[in-house]
Amino acid sequence: EDQVTQSPEALRLQEGESSSLNCSYTVSGLRGLFWYRQDPGKGPEFLFTLYSAGEEKEKERLKATLTKKESFLHITAPKPEDSATYLCAVNTGTASKLTFGTGTRLQVTL
Amino acid sequence: DAGVIQSPRHEVTEMGQEVTLRCKPISGHDYLFWYRQTMMRGLELLIYFNNNVPIDDSGMPEDRFSAKMPNASFSTLKIQPSEPRDSAVYFCASSFGGALLEAFFGQGTRLTVV
């Protein structure tokens with residue numbers, strides 16, 4: 001069974017304090033790894049898809065990387081508006097199913 | 001496009017009652033997904049459709065849950081009878097081309113069964 005573990009569960013940063021969120025996975029045949037952002041009371045919002053080890057993608061202050069066992073979401077010089085829950089998900093096999101981790105709640109303070 | 005539209009946003013019902021959640025996907029999308037989110041288990045896939053046909057319902061917790069997609073612009077998730085443990089936020093999402101591409105989520109329906 002596919003497993004996705006995210007750490008830490010919660011992270012509090014000061015504005016400008018860079019850090020990384022981790023998503024480790026145990027799956028057979030990774031087809032894609034996804035990062036979503038979820039604000040309170042809203043549905044998840046797509047950030048990135050990574051398809052193979054070594055791949056990197058960037059969007060504003062966020063950079064996602066992928067190895068054969070884990071993915072990192074690096075946040076550079078975060079701002080309060082980056083506060084949200086960040087979800088990691090994997091797709092394996094031939095089905096169109098995503099298995100989500102339980103997320104990292106990020107709070108960025110002034 | 002207005003995005004994925006779910007209704008109602010909030011539903012409070014008594015145990016044993018029937019609950020119907022509704023979803024309008026983004027026009028042109030050929031995949032529709034129903035998820036359930038709880039604090040304990042996170043976001044779990046219940047069922048997904050491709051071109052209005054149910055493809056995988058292995059995540060549906062039990063026979064009390066059923067989902068339909070009568071046409072490309074409408075889907076329902078029904079719980080009958082409802083139980084307190086069904087309390088959760090239910091999300092509908094749609095995509096074009098399957099789960100390997102970006103999925104767009106609705107705002108969710110917060111269900112409380114008392």
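The values are calculated or read from the model by the stated rules, or taken from the named source; none is laboratory data. Bear in mind that the values here come from a model prediction, so they are computed numbers and not experimental data. Glycine also receives a Cβ, built like all others from the backbone with ideal geometry; neighbour counts cover every protein chain displayed. The accessibility values were calculated without ligands, DNA or RNA, using every heavy atom of the protein model including side chains. Shrake-Rupley method; radii C 1.70, N 1.55, O 1.52, S 1.80 Å.
Screening B:62, B:102 for residues that are part of a loop (DSSP other than H, G, I, E, B) and more than 8 Å from chain A (Cβ to nearest Cβ) leaves exactly one candidate, B:62. Quick check on residue B:91: is it of a type outside the set (A, V, I, L, M), at pLDDT 95 or above and closer than 14 Å to residue B:18 by Cβ? Spelling it out, it is not the case that residue B:91 is of a type outside the set (A, V, I, L, M), at pLDDT 95 or above and closer than 14 Å to residue B:18 by Cβ.
Say whether the condition of being assigned to a loop (DSSP other than H, G, I, E, B), under 22 Å from residue A:44 (Cα atoms) and open to solvent by less than 10 Å² (accessible area, probe 1.4 Å) is met by at least one residue in region B:77-90. Checking region B:77-90: not a single residue is assigned to a loop (DSSP other than H, G, I, E, B), under 22 Å from residue A:44 (Cα atoms) and open to solvent by less than 10 Å² (accessible area, probe 1.4 Å). Which of the residues that make up region A:53-89 are within 13 Å of chain B (Cβ to nearest Cβ) and of a type in the set (Val, Ile, Thr)? Answer for region A:53-89, where residues must be within 13 Å of chain B (Cβ to nearest Cβ) and of a type in the set (Val, Ile, Thr): just A:85. Only one of the listed residues (A:92, A:49) is open to solvent by less than 40 Å² (accessible area, probe 1.4 Å), among the polar types (S, T, N, Q), without any contact (Cβ under 8 Å) to a residue 24 or more places away in the chain and within 13 Å of chain B (Cβ to nearest Cβ). That residue is A:49.
Residue-level check: of (1) within 14 Å of the chain's Cα centre (by Cα); (2) within 11 Å of chain B (Cβ to nearest Cβ); (3) buried (at least 19 other Cβ atoms within 10 Å of the Cβ), residue A:21 misses just (2). Among the criteria (1) at negative phi; (2) within 12 Å of another protein chain (Cβ to nearest Cβ), the one residue A:41 does not fulfil is (1). Checking each residue in region B:28-55 for being under 15 Å from residue B:69 (Cα atoms), out of contact with any Asp or Glu (no Cβ under 6 Å at 6 or more places or on another chain) and in a loop (DSSP other than H, G, I, E, B) picks out B:28, B:29, B:30, B:52.
If you go through region A:1-18 and keep only what is modelled with pLDDT under 95, assigned to a loop (DSSP other than H, G, I, E, B) and open to solvent by 70 Å² or more (accessible area, probe 1.4 Å), you end up with just A:1. Among the residues of region B:11-49, those identified as within 13 Å of another protein chain (Cβ to nearest Cβ), without any contact (Cβ under 8 Å) to a residue 60 or more places away in the chain and among the β-branched types (Val, Ile, Thr) are B:38, B:47. Of the strands (runs of 3 or more DSSP E) entirely within region A:30-96, those holding at least 1 residues that are hydroxyl-bearing (Ser, Thr, Tyr) and more than 15 Å from the chain's Cα centre (by Cα) occupy A:84-92.
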